[in-house]
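Remarks on the structure that follows.
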Amino acid sequence: MDDAYCRGVVLERGTQRTKTGSGAFSGYRRIVNRRLIVAAGVLLLAGLLAGCGRSGGEAVTTATGTDISTFGLSVFAPGDRPELPVVSGVTVDGGYLDLSSLRGKVVVLNAWASWCEPCKEELPVLVSLATAQQDVVFVGLDVKDQPDEANAMISTYKIPYPSIVDRGASILLTIPTVPPEAVPSTVVIDKQGRVAARVIGTVKPGMLEPVLAAIAAE
């Protein structure tokens, strides 16, 4: 499967009008058709997840059997928040960052890559949010990328926050609540260093503002 296609896959729930007959048989046929469409959609999603687990021609390990309900925003109650493991490393600009040094602050950690088309869709939202949310620390996690391409993307989108290099996706694999190789994905870390919310897929405008306000007020 073509990598460029995989990275830009967007699944939408649509409607389609079809002509049907009348009577009990027509009603039964409509029900069967709906069920076939749903089943086909599930099989299509499974195939896309299996076929889209590579970037730049490099084979990677993908999540299998991922529940489609995991996509989108999830918020966790304080008692259900998993501890974030050690997340540290060299940044794209040559610095070094350890997220444990940010305890006491709300942190947004976003996994991205220059080869990820959905990442390009959400970056303007994240950059705007990072500029507006001065009390929240934003950090990127640059996954399976090349230095020149990563730097070019940072420059193009004027990303104002540091990004830790995760060339082998080993850091991403350790983050709780995030399926393996889920790029883009974003986690909100509370002041105690726990995962308080996560977004699998693109961050949409207005999605994180109320979440960040609630977590910051804890």
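Every read-out reported here was derived from the displayed coordinates using simple, explicitly stated rules and does not represent laboratory data. Small disclaimer: the values here were computed from a predicted structure and weren't measured.
Quick notes on this structure:
- Straight-line cross-link partners of K158 among the lysines, defined as a Cα under 17 Å from its Cα and at least 8 positions apart when in the same chain: K120.
- Residues of type lysines that K191 reaches as a straight line, Cα spacing below 18 Å, ignoring anything fewer than 8 places off in the same chain: K105
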